Amino acid sequence: LVPFVSMLFLTLLLLFLALFPGAFNCCTKISDEIPKRILRRVERFEIQKADGLCHLEAVILYIEGRKFCVSPRIRKLKKWMKKNKHKIPRKKTHGRKHRRSKTIKKKENKQ
């Protein structure tokens, strides 16, 4: 009975992780302050909305592989995001790249 229960638990856990991959990636606490020296080192950022799995609005800053969760209401952060929105990618894009299809024109032979 014990192996069955543990196997059932593991199966349910894997199913949950497959259905909700971001469930353990949400910011649960946010900082209300952010030093300028930290903002200068940001590599990319994401915006976490308070819908779906994550129940807290936040801006996720990535610096040297680390993740910092800050309040989106910080005036200094809002100015920084507006100024740097084109310089820093908000999020890595996933999926296939769009390929340009080549158009081959057929020459019509006149007879």
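The residues in the stretch 52-80 that are under 14 Å from V42 (Cβ atoms) and of a type in the set (S, T, Y) can be counted, and the count is 1. Being modelled with pLDDT of 75 or more and surrounded by 10 or more Cβ atoms within 10 Å (Cβ to Cβ) is a property that E46 has.
For the stretch 23-43, a residue qualifies if it is within 30 Å of L13 (Cβ to Cβ), open to solvent by less than 80 Å² (accessible area, probe 1.4 Å) and in contact (Cβ under 8 Å) with a residue 40 or more places away in the chain, and the qualifying residues are C27, I30.
The values are calculated or read from the model by the stated rules, or taken from the named source; none is laboratory data. On a predicted model such as this, the values are computed, not experimentally measured, just so you know. Neighbour counts run over all protein chains shown; Cβ positions are idealised from the backbone, glycine included. SASA here: full protein model, heavy atoms, side chains in, ligands and nucleic acids out. Shrake-Rupley method; radii C 1.70, N 1.55, O 1.52, S 1.80 Å.
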